[in-house]
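Notes to accompany the following structure.
The values are calculated or read from the model by the stated rules, or taken from the named source; none is laboratory data. Remember, predicted model here, so these are calculated numbers, not experimental data. Virtual Cβ from ideal backbone geometry, glycine too; neighbours counted across all protein chains shown.
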Amino acid sequence: MTYRPPDKDNEVYKMAVKVVERSSAEDNFIKRFLPREIEILAEIEHPYVITIYAMMEMNEKAFFFMRFAENGDLLEYVTSHGALRENHGRLWMRQLLLALDYLDRVGIAHRDIKCENILVTANLNIKLADFGFARKFLAEDGRELLCETFCGSLSYAAPEILEGRPFCPKKVDVWSAGIVMFIVFNLEKPFRRKAPQQLLLAQRARAYK
């Protein structure tokens with residue numbers, strides 16, 4: 001699908017479309033997470049966050065029209081091209097951390113940082129995507145709110161999440177970014193445990209590969 005900005009007659013962009021079917025999604029997702037995602041995507045704009053051109057709902061479906069990433073996601077990229085060289089990896093990690101710094105400044109935590117949610121464009125920049133688990137972490141009085149709900153992927157989870165205690169969502173985003181960095185340089189996860197308690201023990205022992 002293509003998109004032509006109304007103020008740029010000579011420019012045409014290829015778009016990707018994310019479709020959420022309300023009838024097949026879990027009730028908790030429809031009532032809590034989907035409204036948050038729509039609200040957050042309408043507010044944010046940053047060079048290293050995926051551009052959303054339009055959102056609409058029709059026939060019990062939600063449509064998100066976004067920038068198309070020509071090189072797929074980060075996991076696909078390193079799987080096909082191999083581990084990143086230091087200069088390349090440093091550039092992309094800087095872009096990811098700039099995106100997280102922006103989200104921190106506007107009071108938003110992503111809560112699902114992983115290679116599959118980082119897209120690679122044709123000119124080899126990255127875009128942070130998929131805000132399905134994102135939430136605002138600032139109360140009206142400016143206090144930072146803690147989270148108790150586990151979101152995201154187990155392999156990228158910070159120790160405090162695995163311990164089952166309330167956690168600061170922006171801090172666990174940084175932990176997950178560190179897991180991303182390890183993967184793009186080593187082509188494997190630092191802690192390859194499938195059970196949460198085993199993963200937590202490996203983290204505490206610093207038993208990374």
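If we scan segment 136-143, do we find a residue that is touching a Pro at 6+ places or on another chain (Cβ under 7 Å) and in contact (Cβ under 8 Å) with a residue 12 or more places away in the chain? Step through it out loud before you land on a result.
Here is the first cut: in segment 136-143, the residues touching a Pro at 6+ places or on another chain (Cβ under 7 Å) are 137.
Subsequent filtering for residues that are in contact (Cβ under 8 Å) with a residue 12 or more places away in the chain retains 137.
Yes, because at least one residue in segment 136-143 is touching a Pro at 6+ places or on another chain (Cβ under 7 Å) and in contact (Cβ under 8 Å) with a residue 12 or more places away in the chain.
Of the residues ALA157, ALA122, the single one that is without any contact (Cβ under 8 Å) to a residue 60 or more places away in the chain, surrounded by fewer than 20 Cβ atoms within 10 Å (Cβ to Cβ) and over 23 Å from ARG105 (Cβ atoms) is ALA122. Annotation note: Cβ proximity below 6 Å between a residue of segment 12-29 that is within 14 Å of THR51 (Cα to Cα) and modelled with pLDDT under 75 and a residue that is polar (S, T, N, Q) and surrounded by 10 or more Cβ atoms within 10 Å (Cβ to Cβ) (sequence gap 6+ or interchain) occurs for no pair.
A quick yes/no check of all residues on (1) more than 18 Å from the chain's Cα centre (by Cα); (2) β-branched (Val, Ile, Thr); (3) surrounded by 12 or more Cβ atoms within 10 Å (Cβ to Cβ):
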site	(1), (2), (3)
GLU26	yes, no, no
ALA42	no, no, no
THR51	no, yes, yes
PHE68	no, no, yes
THR79	yes, yes, yes
ASN87	yes, no, no
MET93	no, no, yes
ARG111	no, no, yes
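Pick from ALA139, ALA158, ALA177: which is touching a helix residue (DSSP H, G or I) at 6+ places or on another chain (Cβ under 6 Å), assigned by TED's automatic domain parsing to the domain that holds ARG94, among the aliphatic types (A, V, I, L, M) and over 23 Å from TYR77 (Cβ atoms)?
Numbers: ALA139 fails: touching a helix residue (DSSP H, G or I) at 6+ places or on another chain (Cβ under 6 Å); ALA177 fails: over 23 Å from TYR77 (Cβ atoms).
ALA158 is the lone residue from the list that is touching a helix residue (DSSP H, G or I) at 6+ places or on another chain (Cβ under 6 Å), assigned by TED's automatic domain parsing to the domain that holds ARG94, among the aliphatic types (A, V, I, L, M) and over 23 Å from TYR77 (Cβ atoms).
Only residues that are closer than 18 Å to PRO47 by Cβ, assigned to a loop (DSSP other than H, G, I, E, B) and hydrophobic (A, V, I, L, M, F, W, C) were counted across segment 110-133, and they come to 5.
For segment 186-207, taking the residues that are surrounded by 14 or more Cβ atoms within 10 Å (Cβ to Cβ) and charged (D, E, K, R), the one that is farthest from PRO159 (Cα to Cα) is identified as LYS189. Residues that are buried (at least 19 other Cβ atoms within 10 Å of the Cβ), under 30 Å from PRO47 (Cβ atoms) and among the small types (Gly, Ala, Ser) are absent from segment 137-149. Looking at segment 195-209, which of its residues are touching a Phe, Trp or Tyr at 6+ places or on another chain (Cβ under 9 Å) and in a loop (DSSP other than H, G, I, E, B)? ALA207, TYR208, LYS209 - these are the residues of segment 195-209 that are touching a Phe, Trp or Tyr at 6+ places or on another chain (Cβ under 9 Å) and in a loop (DSSP other than H, G, I, E, B).
Selection of segment 147-182 for residues being assigned to a loop (DSSP other than H, G, I, E, B) and in contact with a Pro (Cβ under 8 Å, 6 or more places away or on another chain) yields GLU148, ALA157.
Screening LYS114 on (1) within 20 Å of ARG90 (Cα to Cα); (2) touching a residue at least 60 places away in the same chain (Cβ under 8 Å); (3) in contact with a Lys or Arg (Cβ under 6 Å, 6 or more places away or on another chain) shows it passes everything except condition (3). Taking the stated definitions as given, is GLY178 at pLDDT below 90 and surrounded by fewer than 17 Cβ atoms within 10 Å (Cβ to Cβ)? Here the answer is no, as GLY178 does not meet what is asked.
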